[in-house]
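Student: Can you read through this structure? Questions will come right after.
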Amino acid sequence: MPMMKMMTMMTGFASMSIRQRRRAFVASIVVVFFAVHVMKGQQQQHQRAPSALSQPSQPSHQNNRNMNLHAAFPIQCGQLPQQEQANTSVLSKIYDIILRDAPFAPKYRINFNPVNHNPAGFAEDPTLLYQTQVCSYENLARWNVLSQQLNISDWALHGGAAMGGKCFGAMNPWDDDIDLTIGNCSALDSMWDKAERNISKSFPHLDEGSYSMNNSGAIWDPRLIEGDLLLIKGDKCCPWYKFMTIKEASMWKKGSPITGIDMECMDRGLSAREGHTKRKSGWREHMENNRQMLTIPYGPTTAKMVPPIILNKYIAIRYGKRSPCRFPFENGVDEDPPLSEIAPSSTYRETSTMFQLDQDRASMEFALQHWYVPKEKRLEWKKNAGNMKQMEYTAQIPNLDTVEVDNSISPQGCSWGRIDDNSTATIKVIGWNAERGKHWDKFYTLIQKMEELRLPHVVLLNEMDIGMARSRNVHTARQLALELGMNYAYGVEFLELTRGTKEEQDATENKRDALSLHGNALLTKCILGDAMILRDELPHTYFSDKAHRGVNANGYEVRLGGRMGLFARIFESPHQHIPLRHNNNNRAATSIATSVDSYDYQYLEDVPPHFVVGNIHKLDESDVNQARLWNYYGFGNPPPRSSKYDGKGEDKPIKQLGVVIQGDFGPKMCPLGGLVKMNNGNHKTFRVNCLADGKVKIGPLAGDYFCTNMPAVRGVAVTAPCDWSDNRNPLTLADHAIVSIILHANKDMSVL
């Protein structure tokens, strides 16, 4: 049985809707079937030559957005994944969270068990876990072949193995075995009856404790099948089978349990926990009626699963989890916000592609790989708050100025609006200071409902969390991007060393921040490229637990990082010359540039027509930032220290259609970048208070500016961020209003 059992891991109700705009993508994902392959080479001297039919091949997974962290794992027991090929960096960080910072869970539920089948433990050496997982994958791959041989199609993963399939397309990164249920085991019974009993005769050096047991509590009676496979029949405690390779048995250590895949048989009686859960969830009925199982990618091989609706009910009943794929970042007890568009047919809920939506929503792979700071280090820095070493610590945050860019959600790009006989492109842009992004789902609903917001080309967002308890420890920008069907870029502004303001800390008592990240995001249907961060030095007042008015929430917010702006170019379609990150990511775009002329812009001659978009959060109106802005998009009066352009604005990229930035900044930021402010004094945006009966109070401040060098097709509109679902007690989504504008390019597309 799975060993590293989380406290009640995961559940995600199939009530998660499926976006109509993503149906084409969903329909395109293919089910990967298992292929039979004859492995070459002689076995070790103590092994028999296995049957050719028992050897699996490693299928290719035709899904470049898969969360499958084990896809590159080898499929032969005894081997280890190559670090440069497998996601061992991400896996080790997930494992670190599991062991040292697991989310709080109610005491009455099954808690995460850090003890595992290996007496030495995996904590000291994660490669031992990888080794065990590789053996499990070979077992599963060999079972795929054998089950086809025996015409056994009524089987599916259960327990933690099934949750791994739902959330990761693989074993849970922390799990060390695989469990499955078979509808009818009569074919296995027949094979076991006829198979070789004397294992020691063929493998005299193999410890019998690795594959057999006979005591008052349990009987495990082995047979040798297919040359190097063991089929082990259980009795007393465990009336089911185990399935494993001789190689895995040879790696057994005295005192450890017998390993291998546990295969429960519905026709002979399930374990108590499986029997009850399968009956209540509809699993038993589904299997007894010979309904179709789903074949999904599973690590480096494939596996069968019950449909999502049944699996979600099963997980909810057995583990008490309504959002299982949020583990280990959150405990998964609470239900995720449902997706807003419900498919008209249950067909989409009956396909393996539904699991891809679960994996997309849960993925924080980029943040883990690039920005992860262990809990111990964050606590250490927090204890040193106020020691004036904020820049020293900030420099230790890994990859702080690396931008996450994901163009896989809308991979074909976008279509800009057109006017003037299609010769002039237009774009609709939304800007919002989302105050943590915790109400991203309600914001999506507003975009769909309000005419001034509907069908935007670009959404510019400030204050978006990743892995913060106050926003349910999710990647808020990614959640919204998936809902809108948009690509996104994300940049970290702060590593948060507390759970936020006093009110936020009170609301999240007994919870913890999984990743503690806070920043800006750009969302668009278009293709993103050349993403860049401008960052200011962090004043000591941000890294202080003493109250500093208007800076650190009276000392409750302690932060590292720095105020920043996030910029990118957007293109209608993919193109080979579009770099993801500024300067092709050959060097980090550091915030304090000693030379403003240190970047190579030659590549801009080769890229297609594009707009420059950006959002800024309280960036300084400094000479350095003026020079960096000029050197990035080359518009307006150049700063005196720049030599990139001739001073007349004529050498800006020829295919650059226009620039638009938005955000929370001072009155000089627009002219600093050579742009014009589009808002006026009537555009009050802060502070917002949503009132009963559809009323709202916004003001007294006017801000959240749009700056651009393009003419407006429609001027700035201000939208109240209010949810009046409960008319008497409306919800204010953020303290800033939403602003939007429609602009048209300052160049004729027909001549480019």
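Student: Test Y137 against the stated conditions and say whether it is on the phi < 0 side of the Ramachandran plot, open to solvent by 10 Å² or more (accessible area, probe 1.4 Å), assigned to a helix (DSSP H, G or I) and of a type in the set (F, W, Y). If you could, list the steps in order and put the result at the bottom.
Tutor: Numbers: on the phi < 0 side of the Ramachandran plot: yes; open to solvent by 10 Å² or more (accessible area, probe 1.4 Å): no; assigned to a helix (DSSP H, G or I): yes; of a type in the set (F, W, Y): yes.
Considered against the rule, which asks whether it is on the phi < 0 side of the Ramachandran plot, open to solvent by 10 Å² or more (accessible area, probe 1.4 Å), assigned to a helix (DSSP H, G or I) and of a type in the set (F, W, Y), Y137 comes out as no.
Student: Taking segment 699-750 only, how many residues are hydroxyl-bearing (S, T, Y) and open to solvent by less than 10 Å² (accessible area, probe 1.4 Å)?
Tutor: Here is the first cut: in segment 699-750, the residues hydroxyl-bearing (S, T, Y) are 705, 708, 719, 725, 732, 740, 750.
Among the residues that remain, those that are also open to solvent by less than 10 Å² (accessible area, probe 1.4 Å) are: 708, 719, 740.
Residues in segment 699-750 being hydroxyl-bearing (S, T, Y) and open to solvent by less than 10 Å² (accessible area, probe 1.4 Å): 3 in total.
Student: Would you confirm whether any residue within segment 82-92 is assigned to a loop (DSSP other than H, G, I, E, B) and either modelled with pLDDT of 90 or more or in contact with a strand residue (DSSP E or B) (Cβ under 8 Å, 6 or more places away or on another chain) (or both)? Spell out how you get there, then give the answer.
Tutor: From segment 82-92, those assigned to a loop (DSSP other than H, G, I, E, B) are 82-87; that's our starting set.
Adding the requirement that they be either modelled with pLDDT of 90 or more or in contact with a strand residue (DSSP E or B) (Cβ under 8 Å, 6 or more places away or on another chain) (or both) leaves none.
No, there is no match, as no residue in segment 82-92 is assigned to a loop (DSSP other than H, G, I, E, B) and either modelled with pLDDT of 90 or more or in contact with a strand residue (DSSP E or B) (Cβ under 8 Å, 6 or more places away or on another chain) (or both).
Student: Mind checking which residues of segment 188-218 are open to solvent by 40 Å² or more (accessible area, probe 1.4 Å) and assigned to a strand (DSSP E or B)?
Tutor: E196, M213, N214
Student: Given (1) surrounded by fewer than 24 Cβ atoms within 10 Å (Cβ to Cβ); (2) touching a Gly at 6+ places or on another chain (Cβ under 8 Å); (3) in contact (Cβ under 8 Å) with a residue 12 or more places away in the chain, where does A547 come up short, assuming only one miss?
Tutor: (3)
Student: With closer than 27 Å to R569 by Cβ, modelled with pLDDT under 85 and either out of contact with any Leu (no Cβ under 7 Å at 6 or more places or on another chain) or not hydroxyl-bearing (S, T, Y) (or both) as the only criterion, which of D664, D646, D704 stands out?
Tutor: D646 is the lone residue from the list that is closer than 27 Å to R569 by Cβ, modelled with pLDDT under 85 and either out of contact with any Leu (no Cβ under 7 Å at 6 or more places or on another chain) or not hydroxyl-bearing (S, T, Y) (or both).
Student: For segment 419-450: of the residues being basic (K, R) and touching a helix residue (DSSP H, G or I) at 6+ places or on another chain (Cβ under 8 Å), which is surrounded by the most Cβ atoms within 10 Å (Cβ to Cβ)?
Tutor: K438
Student: Scanning segment 255-280 for residues that are in contact (Cβ under 8 Å) with a residue 40 or more places away in the chain and basic (K, R), which turns out surrounded by the most Cβ atoms within 10 Å (Cβ to Cβ)?
Tutor: Taking the candidates together, the pick is K278.
Student: Would you mind finding the one in W283, W252, W240 that is of a type in the set (A, V, I, L, M, F, W, C), at pLDDT below 95 and crowded, with 22+ Cβ neighbours inside 10 Å?
Tutor: W240
Student: Going through segment 556-592 one residue at a time, which ones are at pLDDT 95 or above and on the phi > 0 side of the Ramachandran plot?
Tutor: Answer for segment 556-592, where residues must be at pLDDT 95 or above and on the phi > 0 side of the Ramachandran plot: G561, G562.
Student: Does F329 count as crowded, with 22+ Cβ neighbours inside 10 Å, modelled with pLDDT under 90, aromatic (F, W, Y) and under 30 Å from A481 (Cβ atoms)?
Tutor: Numbers: crowded, with 22+ Cβ neighbours inside 10 Å: yes; modelled with pLDDT under 90: no; aromatic (F, W, Y): yes; under 30 Å from A481 (Cβ atoms): yes.
Taking the combined requirement at face value, the residue does not satisfy it.
Student: On to the next question. Kindly establish whether L455 is more than 18 Å from the chain's Cα centre (by Cα) and open to solvent by less than 10 Å² (accessible area, probe 1.4 Å).
Tutor: The answer is no for L455.
Student: Do any residues in segment 141-156 that are under 23 Å from K278 (Cβ atoms) and touching a residue at least 60 places away in the same chain (Cβ under 8 Å) have Cβ atoms under 7 Å from those of residues that are among the hydrophobic types (A, V, I, L, M, F, W, C) and assigned to a helix (DSSP H, G or I), where the two are at least six apart or on different chains, and which pairs are they?
Tutor: D154/M287
Student: Give segment 463-504 a look and list any residue that's basic (K, R) and either more than 24 Å from G332 (Cα to Cα) or crowded, with 24+ Cβ neighbours inside 10 Å (or both), or say none.
Tutor: Within segment 463-504, R478, K502 qualify.
Student: Out of all the residues in segment 681-698, which are within 36 Å of the chain's Cα centre (by Cα), open to solvent by 60 Å² or more (accessible area, probe 1.4 Å) and polar (S, T, N, Q)?
Tutor: N689
Student: Still on this structure, I have one more. Looking at segment 133-163 only, could you name the residues that are more than 28 Å from S92 (Cβ to Cβ) and hydroxyl-bearing (S, T, Y)?
Tutor: Residues satisfying the conditions are S147, S153.
Student: Take the conditions within 27 Å of Y393 (Cα to Cα) and of a type outside the set (V, I, T) and apply them to N487. Does it pass?
Tutor: It is false that N487 is within 27 Å of Y393 (Cα to Cα) and of a type outside the set (V, I, T).
Student: Something else: So which residues in segment 242-255 are of a type outside the set (A, V, I, L, M) and under 15 Å from R142 (Cα atoms), if there are any at all? Step through it out loud before you land on a result.
Tutor: So the first thing to find is which residues in segment 242-255 are of a type outside the set (A, V, I, L, M), and the list is 242-243, 245, 247-248, 250, 252-255.
Across segment 242-255, the qualifying residues are K242, F243, T245, K247, E248.
Student: Specify the residue that is surrounded by the most Cβ atoms within 10 Å (Cβ to Cβ); the eligible residues are those in segment 337-374 that are modelled with pLDDT under 50 and of a type in the set (G, A, S).
Tutor: Ranking the candidates gives S352 first.
Student: If you don't mind, there's one more thing I want to ask. Looking at segment 390-418 only, could you name the residues that are of a type in the set (D, E, K, R) and surrounded by fewer than 16 Cβ atoms within 10 Å (Cβ to Cβ)? Walk me through it before giving the result.
Tutor: Taking segment 390-418 first, the residues of a type in the set (D, E, K, R) are 392, 401, 404, 406, 418.
Within segment 390-418, E392, R418 qualify.
Listed here are the residues, each with its yes/no results for (1) in a loop (DSSP other than H, G, I, E, B); (2) among the small types (G, A, S); (3) without any contact (Cβ under 8 Å) to a residue 60 or more places away in the chain.
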| site | (1), (2), (3) |
| --- | --- |
| G658 | no, yes, no |
| F706 | no, no, no |
| G715 | no, yes, yes |
| D726 | yes, no, yes |
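Student: Here is a check on your reading of the model: is W416 under 28 Å from A720 (Cα atoms) and touching a His at 6+ places or on another chain (Cβ under 9 Å)?
Tutor: On the way: under 28 Å from A720 (Cα atoms): yes; touching a His at 6+ places or on another chain (Cβ under 9 Å): yes.
So W416 passes the test.
Matching residues to (1) modelled with pLDDT under 95; (2) charged (D, E, K, R); (3) farther than 13 Å from M263 by Cα:
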site	(1), (2), (3)
N139	no, no, no
W143	no, no, no
Q149	no, no, yes
M171	no, no, yes
D175	yes, yes, yes
I178	no, no, no
I182	no, no, no
W192	no, no, yes
A195	no, no, yes
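The values are calculated or read from the model by the stated rules, or taken from the named source; none is laboratory data. If you're wondering where the values come from, they're calculated on a predicted model, not measured in any experiment. A quick note on method: Cβ atoms are made from the backbone with ideal geometry, for glycine too, and the neighbour counts reach across all protein chains shown. Surface areas here come from the heavy atoms of the whole protein model, side chains and all, with no ligands, DNA or RNA. Shrake-Rupley method; radii C 1.70, N 1.55, O 1.52, S 1.80 Å.
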